[in-house]
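The values are calculated or read from the model by the stated rules, or taken from the named source; none is laboratory data. Predicted model, so just to flag it, every value in this text is computed and none were measured. Note: ideal-geometry Cβ built from the backbone for every residue, glycine included; neighbour counts use all protein chains shown. The protein model used for the area step is the full one, side chains on, heavy atoms only, and it has no ligands, DNA or RNA in it. Shrake-Rupley method; radii C 1.70, N 1.55, O 1.52, S 1.80 Å.
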Amino acid sequence: MELAAILAHPFDVWRTFLHPTQRDVAYRDTYSGPALVTGSAGTGKTVTGLHRAVFLAERLPDGEKVLLTTFTRALAEALARQLYRLTSDPAVRARIDVISVDKLAYEIVTRGNGRVTVADGEIVDQLWESAAKAGPTYLNRAGQVTTYSPAFLRHEWEQVVLAQQLTTREAYREATRRGRGAGLRAAHRDQVWTVIETVTGALAKRRLRTHTQLADDAAAIARRVPAPYRHVIVDEGQDLHPAQWRLLRALVAPGPNDMFLLADPYQRIYDSHVSLAQLGIEVRGRTRRLSVNYRTTHEILDLSVKVLGGDATVGLDGQDDTLRGYRSVTRGGIPELAAHVSRDGECEALIERVGTWLDQGVEPHAVGVAVRTGQLVKAVGRILNDAHIPVADDKRGTDGVRVATMHRMKGLEFQCLAVVGLDAGVLPAPHALTSAAEDPHAHRQDLQRERCLLFVALTRARDVLYLSHSGTPSPLLPVVR
Ligand SMILES: Nc1ncnc2c1ncn2[C@@H]1O[C@H](COP(=O)(O)OP(=O)(O)OP(=O)(O)O)[C@@H](O)[C@H]1O
């Protein structure tokens, strides 16, 4: 069959038709240790991971297990659905646990230590905000007396203290702050440590644990018992925190085919900058790259790649990763960028656009609308509802057009996608940026993360991509001709 014809019926094709590289990677008899598969958006990393999971599970005796894990619960559910389409054998299905890393950590800790309460994201945000406000002041690079920003403090806790399991002020004073840019003098570190103690103390007093803390707790428990899995497969690996990697490492004994990892450093949208080797996961000599995009048209991919700005990025193996050879196999229309004067006008145009897609026969669940903020999700959901367009609601279990933040779009795909609210002042999100005066390196990193976020959003589109903004466009948007 012609590739074009195959791609015209794409939904189940991946079950039987694999690109030779995908097949070679997924069905290799033995990797002598952890293997890393990279490839940018839509290159079939998930598909390859699913095939590998079934291949390995088929060879296991009953009672032995494969762990197939990913970043969020929604992604794990999507993985489970795809897995069930790939194999109908109940014995094979029973040998594969599909679960998100957070849920896995929570379950291990609950079993090992008894009940725990996960700290609500908003409460954690509030704790950092009030601690920053009440916290010490320092002289920034612009010569102003200022407090540390909540984002800076929180990152310092997650990406330095928790990442390296630092438990004392002295250890923090001595620590290397990998990936954290500008140096932090001893006196400043003392100040930051004090704020961190305030926040962790407040969490402890309320008997709350964050997901990252739970991953650490779970890793400690896992290290004390025999590893429960024969094989661990990890999708969306680029965003996992070192504590989560330590947990996964502890769940499988080192040896052939122990870990099969799928990651795209260009889709890193959280802040973990991990070196697997430093976490006891040595992939050297066992990395493979996928470069054919099966999801997105050439035109959409071309625009999406421009968003990234052309800089190479560093992968989980510590090596530079480039987009060399990254290409699409289908062609389609040029993505459209609509400029509006007001949000009302932009919303009207969105209603019309989504209505047209539905009239053309596109199923509501094959339509996505991505936005930068939770506020916009609510606003856009409301206006579509008011226009009698069905909107998916997970809480109520109703199907429809999916309106979600760009973060929530990770790993998903839509036949027709609108990415709206792309205004300056919305993207990059001001609250997500460290100011250049506070830390120029962190500022650059934050900007790059926002670019990656837009890249993730745009590459969710299969056939049609529509973009819009009101007022001044986001500086991250490339010019669309
Ligand atoms: N060999 C193939 N033949 C046909 N379709 C394929 C093939 N491989 C992948 N696909 C399709 O391409 C799309 C992207 O695949 P997949 O989700 O596995 O990519 P990914 O690399 O995990 O993407 P992302 O990182 O963007 O989430 C899916 O619709 C999948 O069914």
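Summary of computed values
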| item | result |
| --- | --- |
| Residues within segment 317-353 that are touching a residue at least 60 places away in the same chain (Cβ under 8 Å) and basic (Lys, Arg), tallied | 2 |
| Residue match in segment 462-479 (condition: within 16 Å of the ligand (Cβ to nearest atom), open to solvent by less than 40 Å² (accessible area, probe 1.4 Å) and of a type outside the set (D, E, K, R)) | yes |
| Residues that are over 16 Å from His407 (Cα atoms) and either aromatic (Phe, Trp, Tyr) or open to solvent by less than 20 Å² (accessible area, probe 1.4 Å) (or both), drawn from segment 71-90 | Leu79, Leu83, Tyr84, Thr87 |
| Hits in segment 436-481 - residues which are β-branched (Val, Ile, Thr), more than 19 Å from the chain's Cα centre (by Cα) and assigned to a loop (DSSP other than H, G, I, E, B) | Thr472, Val479, Val480 |
| Residue satisfying condition, being open to solvent by 40 Å² or more (accessible area, probe 1.4 Å) and touching a residue at least 60 places away in the same chain (Cβ under 8 Å), within set Arg185, Arg178 | Arg178 |
| Yes/no for Asp102 being away from the ligand (no atom under 15 Å from the Cβ), part of a strand (DSSP E or B) and either under 30 Å from Lys395 (Cβ atoms) or at pLDDT 95 or above (or both) | no |
| Residue pairs meeting the criteria (Cβ under 8 Å; at least 6 apart or on separate chains; first within 18 Å of Arg59 (Cα to Cα) and in contact (Cβ under 8 Å) with a residue 12 or more places away in the chain, in segment 14-40; second part of a loop (DSSP other than H, G, I, E, B) and among the small types (Gly, Ala, Ser)) | Gly33/Gly255 |
| Of residues in segment 136-161 being among the small types (Gly, Ala, Ser) and more than 22 Å from the chain's Cα centre (by Cα), the one least open to solvent (accessible area, probe 1.4 Å) | Ser149 |
| Given (1) farther than 30 Å from Thr398 by Cβ; (2) open to solvent by 40 Å² or more (accessible area, probe 1.4 Å); (3) within 14 Å of the ligand (Cβ to nearest atom), index of the condition Gln278 fails | (3) |
| Residue match in segment 399-410 (condition: part of a strand (DSSP E or B) and touching a Pro at 6+ places or on another chain (Cβ under 6 Å)) | yes |
| Pairs where the first residue, in segment 49-77, is farther than 26 Å from Thr21 by Cα and the second is in a helix (DSSP H, G or I), C-beta under 7 Å, 6+ apart | Asp62/Ala91; Arg73/Lys103 |
| Qualifying residue in segment 217-240 (condition: at pLDDT 95 or above and among the aromatic types (Phe, Trp, Tyr)) | yes |
| Scan of segment 317-345 for residues that are assigned to a loop (DSSP other than H, G, I, E, B), within 14 Å of the ligand (Cβ to nearest atom) and aliphatic (A, V, I, L, M), ordered by number | Leu323 |
| Residue that is open to solvent by less than 60 Å² (accessible area, probe 1.4 Å), of a type in the set (Ser, Thr, Tyr) and within 29 Å of the chain's Cα centre (by Cα), where the choices are Ser100, Ser130 | Ser100 |
| Residues of segment 402-456 that turn out to be of a type in the set (A, V, I, L, M) and more than 16 Å from the ligand (Cβ to nearest atom), as a count | 14 |
| Residue identified as part of a helix (DSSP H, G or I), over 18 Å from Glu413 (Cβ atoms) and among the small types (Gly, Ala, Ser) among Ala74, Ala53, Ala80 | Ala53 |
| Residues located in segment 165-191, provided they are assigned to a helix (DSSP H, G or I) and within 18 Å of His441 (Cα to Cα) | His188, Arg189 |
| Test: residue in segment 6-16 that is within 14 Å of the ligand (Cβ to nearest atom) and modelled with pLDDT of 95 or more | no |
| Answer from Gly49, Gly42 - the residue that is open to solvent by less than 20 Å² (accessible area, probe 1.4 Å), within 14 Å of the ligand (Cβ to nearest atom), under 12 Å from Asp264 (Cβ atoms) and at pLDDT 95 or above | Gly42 |
| Qualifying position, being at pLDDT below 95 and away from the ligand (no atom under 13 Å from the Cβ), among Pro34, Pro61 | Pro61 |
| Residues of segment 105-123 satisfying the condition of being part of a helix (DSSP H, G or I), closer than 26 Å to Pro150 by Cβ and at pLDDT 95 or above | Ala105, Tyr106 |
| Residue tally, condition within 7 Å of the ligand (Cβ to nearest atom) and open to solvent by 20 Å² or more (accessible area, probe 1.4 Å), over segment 17-31 | 2 |
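Condition check ((1) in contact with a strand residue (DSSP E or B) (Cβ under 7 Å, 6 or more places away or on another chain); (2) in a loop (DSSP other than H, G, I, E, B); (3) more than 11 Å from the ligand (Cβ to nearest atom); (4) under 17 Å from Arg28 (Cβ atoms)) across all residues:
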{"position": "Pro254", "(1), (2), (3), (4)": "no, yes, yes, no"}
{"position": "Asn257", "(1), (2), (3), (4)": "yes, yes, yes, yes"}
{"position": "Leu261", "(1), (2), (3), (4)": "yes, no, yes, yes"}
{"position": "Tyr266", "(1), (2), (3), (4)": "yes, no, no, no"}
{"position": "Ile269", "(1), (2), (3), (4)": "no, yes, yes, no"}
{"position": "Ser272", "(1), (2), (3), (4)": "no, yes, yes, no"}
{"position": "Glu282", "(1), (2), (3), (4)": "no, yes, yes, no"}
{"position": "Asn293", "(1), (2), (3), (4)": "yes, no, no, no"}
